[in-house]
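Visitor: Here's a structure for you.
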Amino acid sequence: MNWPHDLLSIVLATVFGALIGLEREFHGKAAGLRTNILICLGAAVFTIISRQMATGAEDSVTRIAAQIVTGVGFLGAGAIIQDRGGVHGLTTAATIWLVASIGMACGAHLYQLALITTLIAIIVLIGLAKLARPLERHEQRNNAKDIPQDSM
């Protein structure tokens, strides 16, 4: 057991999950700060456990990692809502999936990968949200033009 690295893995998973969770919380998403921290932390802990349990049997590490991905996919699916207006929660589901991968990277001691992925995710969530707003307004204007005038 490598306590200093495993402790660092847990702390970094908490910090990285919190960074992404803060952005989600700020935008009022259901999977916010606590959810993203817990998903990232849980994935890190499962990865640490799988490394410890698989000592001498390397194929076991990948089997447990695959189960993390499956379990988190189930959580993400629960975040997706379909209604008459379309599908909602896809970004939240994708964020849940990504945060789990960051936790797995922390648990596997791949700290640079976890850091770079976290930074890119924050840039995508913040930067592309700003880009999406004008595109949504443009689409709404175009959709309004398609409504027949006699129905108004």
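Residues checked against (1) in contact with a helix residue (DSSP H, G or I) (Cβ under 7 Å, 6 or more places away or on another chain); (2) without any contact (Cβ under 8 Å) to a residue 60 or more places away in the chain; (3) aromatic (Phe, Trp, Tyr); (4) more than 19 Å from residue 105 (Cβ to Cβ):
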{"residue": "20", "(1), (2), (3), (4)": "yes, no, no, no"}
{"residue": "26", "(1), (2), (3), (4)": "no, yes, yes, yes"}
{"residue": "64", "(1), (2), (3), (4)": "yes, yes, no, no"}
{"residue": "90", "(1), (2), (3), (4)": "no, yes, no, yes"}
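Visitor: If you don't mind, another one. Residue 55 passes all but one of (1) among the hydroxyl-bearing types (Ser, Thr, Tyr); (2) surrounded by 18 or more Cβ atoms within 10 Å (Cβ to Cβ); (3) out of contact with any Gly (no Cβ under 9 Å at 6 or more places or on another chain); which number fails?
Guide: (2) is the only condition that residue 55 fails.
Visitor: Can you confirm whether residue 69 is surrounded by 13 or more Cβ atoms within 10 Å (Cβ to Cβ), under 22 Å from residue 35 (Cβ atoms) and either at pLDDT 70 or above or of a type in the set (Lys, Arg) (or both)?
Guide: yes
Visitor: Tell me, yes or no, whether the stretch 106-113 has at least one residue that is modelled with pLDDT of 75 or more, within 16 Å of residue 21 (Cβ to Cβ) and of a type in the set (A, V, I, L, M, F, W, C). Let's see the steps before the verdict.
Guide: Of the stretch 106-113, the ones modelled with pLDDT of 75 or more are 106-113.
So of that shortlist, the ones also within 16 Å of residue 21 (Cβ to Cβ) come out as 106.
Filter again for of a type in the set (A, V, I, L, M, F, W, C), leaving 106.
Within the stretch 106-113, one or more residues are modelled with pLDDT of 75 or more, within 16 Å of residue 21 (Cβ to Cβ) and of a type in the set (A, V, I, L, M, F, W, C).
Visitor: Now for a different question. Considering only the stretch 29-49, I want to know if a residue exists there that is modelled with pLDDT of 85 or more, over 13 Å from the mean Cα position of the chain (by Cα) and loosely packed, with under 15 Cβ neighbours inside 10 Å.
Guide: Among the residues of the stretch 29-49, at least one is modelled with pLDDT of 85 or more, over 13 Å from the mean Cα position of the chain (by Cα) and loosely packed, with under 15 Cβ neighbours inside 10 Å, which makes the answer yes.
Visitor: Next question. Take the stretch 106-132 and flag every residue that is without any contact (Cβ under 8 Å) to a residue 40 or more places away in the chain, assigned to a helix (DSSP H, G or I) and of a type outside the set (S, T, N, Q).
Guide: 113, 116, 119, 120, 123, 124, 127, 128, 130, 131, 132, listed by residue number.
Visitor: Follow-up question, since we're still on this one. If residue 96 meets every condition in (1) modelled with pLDDT of 85 or more; (2) more than 30 Å from residue 129 (Cα to Cα) apart from one, which number is that one?
Guide: The single condition residue 96 does not satisfy is (2).
The values are calculated or read from the model by the stated rules, or taken from the named source; none is laboratory data. The structure displayed is predicted, hence computed values, not measured ones. FYI the Cβ positions are ideal-geometry reconstructions off the backbone, even for glycines, and counts take in every protein chain you see.
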